[in-house]
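Here is the structure we will look at.
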Amino acid sequence: MHRLKVAHPERCIGCLSCMFACSRINTGHVSLDRSAIKIKTQGGIEGDFVVVVCHACRDPPCVKACPTGALERRDDGNVVFHEDLCNGCGECVDVCLIGAISLDGDEKAVKCRHCGACVAFCPHDVLELEEVPALGGSDAQKSSVH
Amino acid sequence: MLRRVLYIDLGKKESWVEERDELFERWLGGTGVATQLLLEECPQGVDPLSPEAPIIFSIGPLNALFPVVTKTVTAFKSPLTGELGESYAGGRLAMAMRFAGHESIVIRGAADRPSYISITDDDVKIKDATSVWGINATTVGFILREVETGVGRRSIIRIGPAGEKLVKYAGVIVDTYRHFGRLGLGAVFGSKNLKALVISGTEDVEVPDPGRYRKVYNKLYRIAVQTDVMDKYHDIGTSININVLNQLKGLPTRNFQSTSFEGAANISGEVFADDYLFRKVSCAHCPIGCIHIAMLKTSFAPHHEFEIRKVSYDYELIYALGSNLGVSDPAGLLELIEACERYGMDVMSTGVVLGWATEAYERDLITPQETLGVPLQWNNIKGYQKAIDHIVGMPNEFYAALAQGVELASDRYGGKEFAMALAGNEVAGYHTGPASIVGQIVGVRHSHLDNAGYSIDQKAAKKQLKPEEMVDAIIKEDDSRGVFNSLVGCLFARGVYTNDNIIDALGAIGIEKTQEDLDDLGKRIFEEKYRFKRREGFDIAEIKVPKRFYETITTMGMVDPETVETMLEIYRERRGW
């Protein structure tokens, strides 16, 4: 399986191309709120950029917190999102301490699929899509937030 | 995609949104629409710093949707020139306006006390800014960042003390390191008691055909990132031109007394890139990242005690406060740039004003009594720092005159022949030849970016262009930039957005245009801007070219007044004036 990795966060120029790619390719909308990858600033543009992506936890708290089964962990470790089941309660948002899950304008969870759409539109090679063993090896424990 | 106009009346404390479909259909967006709104909103002959003078902001149909279409245009009546005021800024403003659902914003009236405007989608609040009045432009950005919402998608634009004190070339700082620099929008903000505007929103933009949109997007992204059309901006940046123009005898030095600077190698783009550059950042939705930020590290005490300042730089800044003032110390130059950033004043105008003042001081047109003992001397950084403080503080009549711009100051103290403004606007850093001079005279806002005459000179130097050919090139740029500025694209991306690619991008979001449509639009926009200019008293025949332009060698050799006159005549003829 694939996992999105923030390989070089210090190379980020804050262009937001990844966020626009995520929403454009996965939802067909032009939107920051529908992007599963988030670029934040720490102390404004003169500070450091922060790249927030889904950690792909081995035992994902978002799945445990979801009361409707909208977030489901498959046997291979992938978490899939069933939009029709999402009731917009925001429990998943609260338990993801790194802030990788949010709600969009329709009150539906925005969850990274580790598809790599953002990787293709990062001009500075901040992002990588890496191959990780199914069911999560030790690599999956490494932090991907910087 | 919402295409609406948000009206805000500061005096009445009201706001409302209007659907103006016909306006956007006819004038596309950006500067096309902003010019119409200015014609509607600005009463003829109004004092630019009175409550009746409006401020307009506009974005265009491609902003936030395609890469490198990152600019917002503002239109106002310029307190510096008394006619068309227009300026462009990047940062995150265009994106924030898109997601707030407003392609244009009109600000009317004046607040009765220091205020700022906070916009979240359709919700507009006029808030008290008394506690931040007087605070420099950099710090007020930090403060508003803490108290306002919309983190990550908002834009914060604000003035510094120069705008509050109505310095006629005060600018507006956009987010961080970007500016509505030219022609005095900062003073217009100040005259309205308007310290800042914060905007964000959550509009979910849908495109009619996502497949077609993605296809065109991919093509444009690839050209921007994977070809060499934007290399110059991505690598050393615009400051690469310091060495280039110095060699071409086009780099204005010591108030245009020379066009090559013996200290150029010390303040070149290469030096800044190698020794000071520590980061490059982007405007929202631009993969290039051309905003070059220098780290200025200065020791303030023994025992390795340092101050660190992060200062953005570009070619025009290095010209204006560097070669034009004989400044050859890069660290000192960064300090001068930073002073202007904090005060919120246009660096080009400041540099030209100080260049004139230095020469006037040398020629005894100005006495130490007038400068309050400040030594206005080439390369005297401490003196220039003090002078910048005084331009904003206006402790006497002399500095108050400097705050009005170089034309007014030279009216009062003499030295008009070396007061380097054209049509009231202090000139940019190119003494390349006649096309640069003519281009800035005829240009709609008397900016080097109206038609890039400096670039036409450089072509002419290689290809021996005739005056007619140079004039035709100026007209072509005048008109085509009117279209590009209606989108509102970054001019650095002109190589990405060829005519065909503009038509493709518009088509991908449901706006079908032909080349003829766009050519016609460019001409009409130019005429409409001139309609405003003439209405406010602009007459091209009254423009006086300071003698200095003809006394200093250019890239094209010496320019004689007859060449400029001939080109202006051809220009008038071609335009049918």
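The values are calculated or read from the model by the stated rules, or taken from the named source; none is laboratory data. Treat the numbers as computed from the prediction; the structure is a model and nothing was measured. A quick note on method: Cβ atoms are made from the backbone with ideal geometry, for glycine too, and the neighbour counts reach across all protein chains shown. For accessibility, only protein heavy atoms count, side chains too; no ligands or nucleic acids. Shrake-Rupley method; radii C 1.70, N 1.55, O 1.52, S 1.80 Å.
Can you give me the C-alpha center-to-center distance between region B:23-84 and region B:149-217, rounded to a whole angstrom? Here the answer is 13 Å between Cα centres. In sequence order, region A:119-129 has phi-based couplings of 4, 5, 10, 8, x, 10, 6, 6, 10, 9, 9 Hz under the Karplus curve 6.51 cos²θ - 1.76 cosθ + 1.60, θ = phi - 60°, and Gly or Pro positions carry x.
Less than 12 Å Cβ to Cβ from residue B:425, Lys/Arg counted +1 and Asp/Glu -1: what total charge do the surrounding residues give? Value of the local net charge: -3.
Using the Cα gyration tensor of chain A, with a ≥ b ≥ c the square roots of its eigenvalues, what is the shape: rounded (a/c below 1.5), prolate (a/b larger than b/c) or oblate (neither)? Oblate, since a/c reaches 1.5 and b/c is not below a/b. Among residues other than residue A:60 with Cβ under 12 Å from its Cβ, the summed charge is +3 (Lys and Arg +1, Asp and Glu -1).
Modelled spin labels at residue B:123 and residue A:128, positioned 7 Å past Cα toward Cβ, are 4.3 nm from each other.
Cross-link partners for residue B:547 among the aspartates and glutamates, with Cα-Cα distance under 14 Å and sequence neighbours closer than 8 places in the same chain left out: B:407, B:417, B:560, B:562, B:565.
Would you please name the trypsin sites (Lys or Arg not before Pro) within region B:334-431 that are DSSP coil residues with at most 14 other C-beta atoms within 10 Å of their C-beta? Numbers along the way, then the final one.
Numbers: sites: B:342, B:363, B:382, B:386, B:412, B:416; in loops: B:363.
Sparse-neighbourhood loop trypsin sites (Lys or Arg not before Pro): B:363.
Separation of region B:227-259 from region A:1-68 is 38 Å, based on Cα centroids.
Under the 0.36 nm per residue contour assumption, what length would be gained going from the current alpha-carbon distance of residue B:143 and residue B:299 to full extension?
Values: separation 156, 0.36 × 156 = 56.16 nm, distance 2.70 nm.
Length gained, residue B:143 through residue B:299: 53.5 nm.
The value of relative contact order for region A:2-139, using C-alpha pairs under 8 Å at least six residues apart, is 33 percent. Considering only A:95, A:79, A:52, the Gaussian network model of chain A with Cα springs below 10 Å gives its largest mean-square fluctuation to A:95. Shape verdict for region B:4-200, please, from the Cα gyration tensor: rounded (a/c under 1.5), prolate (a/b greater than b/c) or oblate. Since a/c stays below 1.5, the shape of region B:4-200 is classed as rounded. Distance between the 7 Å Cα→Cβ label points at residue B:308 and residue B:412: 4.2 nm. When cysteine pairs in chain A are screened for C-beta atoms closer than 4.7 angstrom, the residues that find no partner are A:12, A:15, A:22, A:57, A:66, A:86, A:89, A:96, A:115, A:122. For chain B, the gyration tensor built on C-alpha atoms gives a rounded shape. Its axis ratio a/c (a ≥ b ≥ c) stays under 1.5. The calculated FRET efficiency for residue B:372 paired with residue B:558, based on their beta-carbon distance and R0 = 35 Å, is about 0.35. Pairs of Cα atoms nearer than 8 Å and 6+ residues apart set the relative contact order; for chain B it is 16 percent.
Starting from the Cα-Cα distance between residue B:265 and residue B:499, subtract it from 0.36 nm times their residue separation and give me the gain in nm to one decimal.
Numbers: separation 234, 0.36 × 234 = 84.24 nm, distance 3.80 nm.
Between residue B:265 and residue B:499, full extension yields an extra 80.4 nm.
Surface calculation, 1.4 Å probe, protein heavy atoms: residue B:343 sits at approximately 50 Å² accessible.
In Å², rounded to the nearest 100, what is the total accessible surface buried by chains B and A against each other with a 1.4 Å probe?
Working: alone 21260 and 7840 Å², together 26360 Å².
Answer for the B-A pair: about 2700 Å² buried.
Between residue B:468 and residue B:22, the modelled label-to-label distance comes to 4.2 nm, taking each label 7 Å out from Cα in the direction of the beta carbon. The slack in the chain from residue B:278 to residue B:202, taken as 0.36 nm per residue of separation less the alpha-carbon distance, amounts to 24.1 nm. Taking Lys and Arg as +1 and Asp and Glu as -1, the other residues whose beta-carbon sits under 14 Å from that of residue B:99 total -2.
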